[in-house]
Amino acid sequence: MKRRDVDCGPGCPVEATLDLIDGKWKGVILFHLQSGRLRFGELRRRMPGITQRMLTKQLRALEEDGLVLREVFAEVPPRVEYELSEMGESLRPVIDALKRWAEEHRARAGAIGVAAPPAEAHAGA
């Protein structure tokens, strides 16, 4: 069924939201930060498939978009922690809905070639 009451062409609110969390990693980073403040190394351990360079790039993009806050502590070696901003927190229902959908459709998603994450990778969420 085609919806005609809402224009979702360029500039559409759905498109704008998806632009903020696009790609393979941004949503996963936001998911992990829902549990609270994390250091770079902690995030990296929770996401073994991401390279250090890509994690850095994605965190910078999320920070630029106002979804993630970065705090650098003047220590040697420097300690950097990341957490969701107020705007990032407002995406919690969206990230939770994506997680629920994936859990409910895991068998079908696997059948069409979408890899289902190991259960322990997102345990505790």
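Look at region 45-57: where a residue is over 12 Å from Lys24 (Cβ atoms) and a partner is assigned to a helix (DSSP H, G or I) and at pLDDT 95 or above, sitting 6+ places away or on another chain with Cβ atoms under 6 Å, you get Arg46/His32. I'd like to know if region 95-112 contains one or more residues that are at pLDDT below 90 and not in a helix (DSSP H, G or I). The answer is yes, given that some residue of region 95-112 is at pLDDT below 90 and not in a helix (DSSP H, G or I). If you go through region 45-77 and pick out every residue that is surrounded by fewer than 16 Cβ atoms within 10 Å (Cβ to Cβ) and at negative phi, you end up with 21. Within region 93-111, the residues that satisfy the criterion of being surrounded by 14 or more Cβ atoms within 10 Å (Cβ to Cβ) and out of contact with any helix residue (DSSP H, G or I) (no Cβ under 8 Å at 6 or more places or on another chain) are His105, Arg106. If you go through region 29-44 and pick out every residue that is closer than 14 Å to Arg92 by Cβ and surrounded by 14 or more Cβ atoms within 10 Å (Cβ to Cβ), you end up with 6.
Residues in region 57-73 that are farther than 18 Å from Leu84 by Cβ and at pLDDT 95 or above: Lys57 alone.
Summed over region 21-31, the residues that are in a helix (DSSP H, G or I) and under 16 Å from Met54 (Cα atoms) give a count of 5.
The values are calculated or read from the model by the stated rules, or taken from the named source; none is laboratory data. All values derive from a computational prediction rather than experimental measurement. Here Cβ is always computed from backbone atoms with ideal geometry, including for glycine, and neighbour counts include all displayed protein chains.
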